[in-house]
Structures are given as C-alpha cells and as structure tokens.
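The values are calculated or read from the model by the stated rules, or taken from the named source; none is laboratory data. The structure presented is a predicted model; accordingly, all values stated were derived computationally and were not measured. Counting neighbours? That spans all protein chains shown, and the Cβs are built from the backbone with ideal geometry, glycine included. Note: accessible area is taken over every heavy atom of the protein model, side chains too, but ligands, DNA and RNA are not part of it. Shrake-Rupley method; radii C 1.70, N 1.55, O 1.52, S 1.80 Å.
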Amino acid sequence: MKHDALTQILDALKLRGSVYFHTCFSPPWAVRVPAFGNVARFHMAMRGGCWLAVDGVDKPIRLATGDLAVIPHGAAHILSDEPGRPAAEVDEVVRQSGYTGEGALYYGGPDEELACKLFCGHFEFEEGSVHPLLDALPSVIHLPNTQTMNAFWLEAVMRFVASEVRAGQPGSEAIIHRLTEIIFIQVVRTFVDREGDRAGCLAAVLNPKLGRSMSKIHLAPEKPWTVESLAREAGMSRTVFADRFTNLVGMTPLAYVTHWRMERARRDIRETDLPLIDIAENIGYSSEAAFNRAFKRQFNQTPGQVRRQGASVPA
C-alpha cells in the first residue's frame, strides 16, 4: 500500500514522464522551447555543455556534463552554446533537421567534436491539477552533477532511457515513463535536501512527522480531523505542529484537509458514476449542501456542473 505522502500526492496529480529526444547540437546553435502548461520540462547534459535561459529568471544557467535542469512550470526557455545567441523555435529546428523521431536530433555546425548532447523530456501532471506541492516548485531547478544525489545512478538511468528511446522495442514506452517518473522523485528529494525549509510544501511532504500527518489525511479524508488529532499523528505538540505545518505548506492543517477532500471529490466526480451525495459522504460531508459550498469555493464550479461538463476543473 502507498502510505507516504509524496507517493500519494504524485498519484493524485497523475504524474507521467515523457521523453522527446536526445540531441547532438554543434556550435553555433540556439533553440527556443515555447511555454506549455501542466508540464515540468527537463534537460540533462549527457556530454558537453550549454547555456539555459528561462523566461522570468534573471541570469542564464550553465549546464555542464552530468547536470540536470528542470523547468517545473513549463516556462519558455532557450538552450544555446553561448548566451544571447538568436534562437530558432524548436519546431523549426526539428523540421530543418529532418528528425523523424529515431536517433539523435542533429542541429548547428558541422563539428560534432564540440557537440552538446542533451536528453530532453517532461514530467506531466493532469490538466487542472492544484496542489501546494506544485506551487512550491521554483521557476527552475538546476542540479549540478556534483550536487545530485546518486549522480552516477541518475546518469545511468538517463543512459538506459536513451537506449530505450533508440531501440523502440515493445514495452519501451512503459519503461521510459516509469524511469522518468523516478527521476522526478529523485529531483524533488535532492532539491529538498539542498534547500531545507526554503522548499516549503516539499519540505513538509518529506518531513517524517509532517509527512505522516499528511499521509493520514490522504488515506482517510472522511475522518473528523482536528489540529489536535493531526498533531498526535505527527508526534508533535498542537502549537508546534500547527505553526510548522502552516509555515511550510502555506495553509493551515484544516485548510489542507478541505483542499485534499475537494481534490478527492473532483477525481471521483470525473472518474466514477457515484451519486454526489455518496461522494460527499466518502470525504466526510453528511450534507450535500455543505459539500457543494466547499467545492465551489475551491474550484468556482459546483459538483453538478463538473459532472455535466465532463471536463477538467480550472485551476
């Protein structure tokens, strides 16, 4: 059973990893990747280096061999051999190169000895997903090879994924998805280890005490949780628990209970045919009217509207 908070949250957000291609970019080159919602794009320098400039981030970042960069909120960004070089849109680069989806994506000059070989893809979340964990992710996460936990393991996984991309054998797609999801979890762990409490909700999720209380909420949202009962689950005093939880997560413990209940209800409304009153009772509401009010406060739509539309709830 899945009892840890991070696994439960990523399952609810429907984390899914994908790979675009591996590259062979030779100087001079610059590629612009457009913005895209609900994804965290990643690039790992397998050989050589390059510069990464992310929209909204003041300074470009130098990626060296073995470095991993994640752009959690799908912001537009430019990868280049030198900062400031005019960039071609990635779709145009793919078109010009004649890339068919097999092998490496070649672009730039003729000297492959100076080429930067990148491994590129994204981590995707369900459309409309809302959780403080996602809000806690910064504009860009740069993990230098020297700072990455189990750097050798991570590079080995990336190389194995690259080989699966090239081979295209039966089951390759499933292997690629699973391994890239593991990479995202490893990135979160390493980021929290490096940033500590500055990682906000991420730090709370991975904290043994706070994470235990969050896991209990996820497993049994229908329980009549109080700050006192959640503090007991965490093995902390009421005051210390409430202060630390609120400071890291960005909402009070009981606000988080409501948030998770509504997310659970949204999933059941969209994925099951259960009557709305049954869904309400499953998350601790005996009154459908109270459930409707709480749901509309969080999503600005009623449960009935979501079911009739059969569409994603806007974030």
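A compact table of results
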| read-out | value |
| --- | --- |
| Selection within region 88-124 - more than 26 Å from R159 (Cβ to Cβ) and either open to solvent by less than 40 Å² (accessible area, probe 1.4 Å) or β-branched (V, I, T) (or both) | A88 |
| Residue within region 252-263 that is open to solvent by 40 Å² or more (accessible area, probe 1.4 Å), at pLDDT 95 or above and outside any helix (DSSP H, G or I) present | yes |
| Residues within region 20-48 that are open to solvent by 20 Å² or more (accessible area, probe 1.4 Å), touching a Leu at 6+ places or on another chain (Cβ under 9 Å), outside any strand (DSSP E or B) and at pLDDT 95 or above, tallied | 1 |
| Residues satisfying the stated conditions in region 275-287, i.e. surrounded by 15 or more Cβ atoms within 10 Å (Cβ to Cβ) and without any contact (Cβ under 8 Å) to a residue 40 or more places away in the chain | L276, I279, A280, Y285 |
| Qualifying residue in region 73-85 (condition: closer than 25 Å to R178 by Cβ, part of a loop (DSSP other than H, G, I, E, B) and open to solvent by 40 Å² or more (accessible area, probe 1.4 Å)) | yes |
| Test: residue in region 3-19 that is touching a Gly at 6+ places or on another chain (Cβ under 8 Å), closer than 23 Å to I176 by Cβ, modelled with pLDDT under 90 and not hydroxyl-bearing (S, T, Y) | yes |
| Pair list, Cβ < 6 Å and 6+ apart or interchain, from region 179-190 residues that are charged (D, E, K, R) to residues that are open to solvent by less than 10 Å² (accessible area, probe 1.4 Å) | E181/G17 |
| So V192, is it open to solvent by less than 10 Å² (accessible area, probe 1.4 Å) and closer than 17 Å to P72 by Cα | no |
